[in-house]
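Right, one structure below, let's go through it.
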Amino acid sequence: MYRIPFNWPSFEGQEQAYMVQAVANGHISGDGPFTEKCREILEKQLGALKVLLTPSGTHALELIALLLDIREGDEVIVPSFTFVSTANAFVLRGARPVFADIRPDTLNLDETQLERLITPRTRAIVVVHYAGVGCEMEAILETARRHGVAVVEDNAHGLFGTYKGKPLGTFGCLAALSFHETKNITCGEGGALIINDPQYIERAEIIREKGTDRARFFRGEVDKYTWVDVGSSYLLSDLLAAFLYAQLEVREQIQAKRRRIWEYYAEHLKEWAEAHGVRLPYVPPHCQQSYHLFYLLMPSLEERQALIAHLKARGILSVFHYQPLHLSAMGRRFGGHPGQCPVTEDVSDRLLRLPFYNAMTEEELAAVVSALKEFDGWTRRMN
C-alpha cells in the first residue's frame, strides 16, 4: 500500500444519499430519473444537441462506430499515443486503424500529418485531447471537410476543457466521455455519447436500446416498440447515474481542487525541471485545460524508470502512460513498425505521471515534490 497513491476516488457531494434515493425510486436500470438529471447538466454545460449516458467511454466509442456505419475495409485515423479503446471500437467493426504521430508540445494528434494519411478509404479521424488539452481543431476540421471525412472526439480526458472558448467534445459530429474512476468526474465505470449532428440522434437511441424503438414508445410516438436496427445494451445503470449526478452537481468545486493540484506541481517543479532537462506539460494560450493529469517528460527512459523506483521506495506511486499502439502485437498486424511514429515512441519511453486525485492534500503534494527534488539518478551527459 502506497502512502501516496497515484489515484484515489472520493465522495464529493451527495453520492451515497442519491444512490439510496435511486433504490427508493424503484428504478436502478438505465434511463431513470438520475440519468435524465445528468443528461440535462451535460447538455446545458456543453451546449450539445444530445448526450446519452453509456456504461463506459469504450461503449460510447463503440456506439460511434456503429452510428458511422464503419465496415470492413474502411480506414480510421487514430493517434498511436492513446488508450486501446480509441482504436478497438473501430477495429471491432472491421476497420483498419491508421496510426498518426503526435505533436511534441501538447502530445495531441499532429494535424500536419493528416493529408498524407487520408486515402479514399478513410471514414473518420479520431482525435484525443490528451491530458484535457485541446487538439488543433480548426485545422483538423478543415482537412476533414475537404476530404469528406467525419471527425470524432475521444474526450475521455477533456470534460470542461475548451479550445478557443468552445467546449471540447462539441467539435466533431460525435464525441465520447469517460467517467472511469481515474477521471475528474466519476461513477466508477461510466461514459457518455455526445451528439453534435442531429442526423445521429434517433439512430443512437435505437442502437443503445438493443436495436429497438423503445425510446419512441416511452415518448408516445409509437403504440409499441419492436426490433428495428442492429443494437446492443449501451445504457448506464441509474444507480451509477445517481453517483455521477452528485459529482456533476459539485463540478466547479472538483475542478477547483484539481486546478490547485496542477498549479502546485507546475509552480514548485518549474526550476527543478529546468535544471535537469525535464519538460512539464504545455498548454497553448488558446486552450483551457481540464486539469486531468500532470506529467513529467524525463530526459531518458533510464531516468524515467529510476525516478519511478525512487518514488516507490518512498511510498509514492507514479506511473508511465500509453505504449505506442503501432508497436503493439495488434498494431503490427495492421502494418505498424518501428520509426512510424517517432514522437510517440520517444514520448512513451520518457513520460511519467505524478499522483493526482481530488482529495490530495498540500502535505501530500509537498511530499511528492520533496521526493522528486531528492532524486539523484541523473545520467551524466557530455557538454
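The values are calculated or read from the model by the stated rules, or taken from the named source; none is laboratory data. What you see is a predicted model; the values in this text were computed from it and never measured. FYI the Cβ positions are ideal-geometry reconstructions off the backbone, even for glycines, and counts take in every protein chain you see.
Values for this structure:
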read-out: Residues of the range 1-34 that turn out to be among the β-branched types (Val, Ile, Thr) and either in contact with a strand residue (DSSP E or B) (Cβ under 7 Å, 6 or more places away or on another chain) or surrounded by 14 or more Cβ atoms within 10 Å (Cβ to Cβ) (or both), as a count; value: 2
read-out: Flag if Gln288 is at pLDDT 95 or above, closer than 18 Å to Tyr130 by Cβ and touching a Ser or Thr at 6+ places or on another chain (Cβ under 7 Å); value: yes
read-out: Residue in the range 361-382 that is at positive phi and without any contact (Cβ under 8 Å) to a residue 60 or more places away in the chain present; value: no
read-out: Hits in the range 166-202 (condition: within 21 Å of the chain's Cα centre (by Cα), of a type in the set (Val, Ile, Thr) and not in a loop (DSSP other than H, G, I, E, B)); value: Ile194, Ile195
read-out: Selection status of Thr119, in the same structural domain as Phe160 (by TED's automatic domain parsing), closer than 14 Å to Thr344 by Cβ and of a type outside the set (Gly, Ala, Ser); value: no
read-out: Ile64 being crowded, with 20+ Cβ neighbours inside 10 Å, among the aliphatic types (A, V, I, L, M), touching a residue at least 40 places away in the same chain (Cβ under 8 Å) and assigned to a loop (DSSP other than H, G, I, E, B); value: no
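Let's see how each residue does on (1) surrounded by 20 or more Cβ atoms within 10 Å (Cβ to Cβ); (2) in contact (Cβ under 8 Å) with a residue 12 or more places away in the chain; (3) outside any loop (DSSP other than H, G, I, E, B):
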site: Ala204; (1), (2), (3): yes, yes, yes
site: Ile207; (1), (2), (3): yes, yes, yes
site: Gly220; (1), (2), (3): no, no, no
site: Leu235; (1), (2), (3): yes, yes, no
site: Arg258; (1), (2), (3): yes, yes, yes
site: Trp262; (1), (2), (3): yes, yes, yes
site: Ala266; (1), (2), (3): no, yes, yes
